[in-house]
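As structure tokens, the structure follows; a few thoughts come after it.
The values are calculated or read from the model by the stated rules, or taken from the named source; none is laboratory data. What you see is a predicted model, and the numbers here were worked out from it, not measured in a lab. We place every Cβ from the backbone using ideal geometry, glycine too, and count neighbours over all the protein chains shown.
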Amino acid sequence: MLDQAIALYKLQGYEFNAVRGHPGGRNAMTVCRKDGENRYVIRISAMNDRSEKDYLAETEFVHYLAQNGAPVADVIPSVNGKLVECAENHGQKGYISLFAYAKGMLLYDNGYRYRDGAPLSEYFYNTGKTLGMIHRLSKCYQPVHRRAAYSDKYNMAYISQLIPDQYADLKQAISNRLKQFRTLPRDSESFGLVHFDFCDGNYHIDMNTGKLTVFDFDNCIYCWYMFDLAHLWTHGVGWYRHEKDPARRMEGMSQYFQTILEGYRSETKVSEELLAQLPLFIDMVLIENVIDAFECSARDHEEPDEEEFGNAARCLTEGIPYAGFGEE
């Protein structure tokens, strides 16, 4: 399929370097280099867990964001003018898309050191601002192809089938949260197409300017905008994990999140009603983590590894807020 991608996007003369996969990854990624510079990323998806419509809906959204000024890695059309191409190899069907390479680097690859001479508050602010820009544009987005909505996947019919009965308490806890989610408002300012995996593994940072470029919208879904903000909260705990005093840990998280919100509000509004329910949306993130762990184990025909979801399960079943970060 890589040979087909090279022809479809006129990539002859490039060097190709496969990106090492990660647990739960669903795509084969290849970086295209020319003259020593990363130019593009080929994505080949052949797991049959997404339809062509799903990929069209994702890439159309990404292209819309890029064309309207959002800092995202744009989708490059093929020689046929398509954002998604279908390919086959020995009877296996796959979907190919080409993306611009995001300028900068992962924070992880820089040892979680932010750019020299700049405070972490700048990074937190820019992260919130970038997310706010994406959400601002999402609120105006009129799709041609439509992605799934949260309840299409996160419902008890699917979850009961996925999670074994030995985890009855966990299933009941998830069921209780889903009932709460159904009472939340779904107006255009609160609910729309979100990234659903907005974290430092899915954007590069230009260490000269601090600008972020976002990629990997593979999980984008219609959900509450607060989910992406809660996701940022859960991915910010590493900055304060070393603090032994729970009160001071939570104080640090409060400062971190307020700076995120300052950046976010510079681009769009956030519902104060929903913001007050941040702990509930953090539980929504924990549920996504739990479901992902069980899906990966089912796909690999293995028993679920409780180390991967045990803390999330405990917080959900015992009603511990903020993913347990404020506990001793």
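What to note about this one:
- Applying the condition of being surrounded by 18 or more Cβ atoms within 10 Å (Cβ to Cβ) and of a type in the set (Val, Ile, Thr) to segment 156-204 and asking which residue is nearest to residue 138 (Cα to Cα) yields 194.
- For first residues located in segment 244-256 and touching a residue at least 24 places away in the same chain (Cβ under 8 Å), partners that are of a type in the set (A, V, I, L, M) and part of a helix (DSSP H, G or I) and lie 6+ apart or on another chain with Cβ distances below 7 Å form the pairs 253/237.
- Scanning segment 127-140 for residues that are exposed (fewer than 15 other Cβ atoms within 10 Å of the Cβ) and not charged (D, E, K, R) turns up at least one hit.
- Residue list for segment 167-223, filter: closer than 16 Å to residue 150 by Cβ, touching a residue at least 40 places away in the same chain (Cβ under 8 Å), part of a strand (DSSP E or B) and of a type in the set (A, V, I, L, M, F, W, C): 193, 194, 221, 223
- Filtered by the rule that a residue be within 21 Å of residue 86 (Cα to Cα), among the hydrophobic types (A, V, I, L, M, F, W, C), at pLDDT 95 or above and not in a strand (DSSP E or B), segment 15-65 gives 56, 57, 61, 62.
- The residue that is surrounded by the most Cβ atoms within 10 Å (Cβ to Cβ), among those in segment 46-83 that are closer than 15 Å to residue 28 by Cβ and touching a Phe, Trp or Tyr at 6+ places or on another chain (Cβ under 9 Å), is 55.
- Criterion (closer than 15 Å to residue 164 by Cα, surrounded by fewer than 18 Cβ atoms within 10 Å (Cβ to Cβ) and of a type in the set (Lys, Arg)) met by exactly one of 248, 299, 265: 299
- Complete set of residues in segment 72-113 that are among the hydroxyl-bearing types (Ser, Thr, Tyr) and touching a strand residue (DSSP E or B) at 6+ places or on another chain (Cβ under 8 Å): 78, 95, 97, 101
- Taken over segment 225-236, the criterion of being within 23 Å of residue 250 (Cβ to Cβ) and either touching a Ser or Thr at 6+ places or on another chain (Cβ under 7 Å) or assigned to a helix (DSSP H, G or I) (or both) is satisfied by 226, 227, 228, 229, 230, 231, 232, 233, 234, 235.
- Within segment 86-113, considering residues that are in contact (Cβ under 8 Å) with a residue 24 or more places away in the chain and in a loop (DSSP other than H, G, I, E, B), the one surrounded by the most Cβ atoms within 10 Å (Cβ to Cβ): 102
- Condition check for residue 244: more than 19 Å from residue 191 (Cβ to Cβ), assigned by TED's automatic domain parsing to the domain that holds residue 136 and outside any helix (DSSP H, G or I): yes
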